[in-house]
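Trainee: Before I ask anything, let me first share the structure, which is written out below as structure tokens.
The values are calculated or read from the model by the stated rules, or taken from the named source; none is laboratory data. Quick caveat, the model's predicted, so the values are computed rather than measured. Neighbour counts are summed over all protein chains in view; Cβ atoms, including those assigned to glycine, are modelled from backbone coordinates with ideal geometry. Just the protein is used for accessible areas: all its heavy atoms, side chains included, with ligands, DNA and RNA removed. Shrake-Rupley method; radii C 1.70, N 1.55, O 1.52, S 1.80 Å.
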Amino acid sequence: MRGDDFRVSPELRKLCLEDFPAERERQVKQKLAPEAKSKDCEVVFGVAPCFLALTQGRRRVRKLFVKDGEASHRASVLKVCEEAHLQGVRVHRVSRKELDKMSNGGVHQGVCLLASPLSYLTEDSAPSRKDAPLWLVLERIHDPMNLGAILRSAYFLGVDRVASSLRYTCPLSPVVSKASSGIMEVMGVYGYENLAEMLKLKMEQGWQVVGTVGQEAEVSQMPITKCSDFKMTKPTLLLMGGEGEGLSKELLSTCQTLLTIPAGRELVPGIESLNVSVATGILLHSLLSSRSS
């Protein structure tokens, strides 16, 4: 979904949200505060996250808040309003200042949605592809912006599942959803208390565990392969470690292969690595391309 690239019916273009006048803003303020602070509710913000939250049906949606003025007439915003109306979700016009507060200063693009939170999935019910599935396994990703970018790349490139450690990992928050351009509303993320245990179980089922390290990493008695030289021919779990610290020793010890992204030039000391979301995108593309070749 890009900006205002929506096909909007003439009837919808006439919608000016007149049924929800601006004078109700004071009542909205009074009602929003206790609900937004509840554990059962959070504020999703941004056009793509709000639209996908409405259409995917993974959240219980309560209210949609739209910026009063010309912004509420943009095709992308009207499309969100149309979907809310179809689902019987109340739409309220509020000021930009109020939306800024709801989104904690996030880029809301004129829309915020009060809805139930999303959590990591725990039930192992999703089927895998029959040939050579690829699971992306994340350990201790702390930055919600990185997690959102990783989810967007994983979905776009065709990863079969994203799994994450539940300890020392950022929650699936509205910030993650916005950073993923709403992909978090579409793609479930599986959470595990013990990643090492899950990896060992998958290895017993014939999967290979592939770890990732920097080019200059020193890992005893384990060769490091350039990602471009690796061919994925069997079910694979690709492990990505957290910002700065990388994979833990426990997970590194379970790896059968270690991959690295070679630099294209001699690097200045201090910048020998890539951002984890960028590295993840490169590695996923490399592995998935080798699977189809």
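Trainee: Taking the Cβ of Ser286 as the center, what net charge do the other residues with Cβ under 12 Å away carry, scoring Lys and Arg +1 and Asp and Glu -1?
Mentor: +2
Trainee: Further question: Treating only the Cβ of Lys, Arg, Asp and Glu as charged (+1, +1, -1, -1), what charge dipole size does segment 42-115 show about its Cα centre? Round to the nearest 20 debye.
Mentor: It works out to roughly 200 debye.
Trainee: Continuing with this model, one more query. With the full set of protein chains in place, find how many percent of the accessible area of segment 149-293 is carbon and sulfur; take the probe as 1.4 Å.
Mentor: Roughly 51 percent, rounded to a whole number.
Trainee: Right, another one. What does DSSP give for segment 174-281 in terms of the percent of beta bridges that are antiparallel, rounded to the nearest 5?
Mentor: 10
Trainee: Can you give the extra length, in nm with one decimal, that the chain gains between Glu250 and Leu201 once fully stretched, where that is 0.36 nm per residue apart less the Cα-Cα distance?
Mentor: 16.1 nm
Trainee: Further question: Please go through the residue pairs Lys178/Lys200; Lys178/Lys226; Lys178/Lys249; Lys39/Lys178; Lys178/Lys231; Lys67/Lys178 and name each one whose alpha carbons sit more than 29 Å apart in this structure.
Mentor: With Cα atoms farther than 29 Å apart: Lys178/Lys200; Lys178/Lys226; Lys178/Lys249; Lys178/Lys231.
Trainee: Once you sort the root eigenvalues of the Cα gyration tensor of segment 42-115 as a ≥ b ≥ c, which label holds: rounded (a/c under 1.5), prolate (a/b larger than b/c) or oblate (the other case)?
Mentor: Because a/c hits 1.5 or more and a/b fails to exceed b/c, segment 42-115 counts as oblate.
Trainee: OK, next. Rounded to whole Å and ordered largest first, report the semi-axes of the equivalent ellipsoid of segment 45-179 derived from its Cα gyration tensor (root of 5λ).
Mentor: For segment 45-179, the semi-axes come out at 31, 17, 13 Å.
Trainee: When the label point is put 7 Å from the Cα of Lys97 along its Cα-to-beta-carbon vector, which residues of segment 46-70 have a backbone N closer than 20 Å?
Mentor: Correct set: 65-70.
Trainee: Right, next: May I ask you to list the residues of segment 50-86 whose amide nitrogen lies under 15 Å from a point 7 Å from Cα along the Cα→beta-carbon direction of Val186?
Mentor: Only 50-58 fall inside the zone, counting backbone N under 15 Å.
Trainee: For Cα pairs less than 8 Å apart in space and 6+ apart in sequence, what is the mean separation divided by the residue count of segment 42-115, i.e. the relative contact order in percent?
Mentor: 53
Trainee: What whole-number value in Å² describes the accessible area per residue of segment 42-115 for a 1.4 Å probe?
Mentor: Each residue of segment 42-115 exposes 40 Å² on average to a 1.4 Å probe.
Trainee: Starting from segment 140-170, pick out the chymotrypsin sites (Phe, Trp or Tyr not before Pro) whose DSSP state is loop and whose Cβ has at most 13 other Cβ atoms within 10 Å.
Mentor: Within segment 140-170, the qualifying chymotrypsin sites (Phe, Trp or Tyr not before Pro) (loop, at most 13 other Cβ atoms within 10 Å) are Tyr168.
Trainee: While we're on this one: In nm, what is the difference between 0.36 nm times the number of residues separating His285 and Glu193 and their Cα-Cα distance?
Mentor: 30.4 nm
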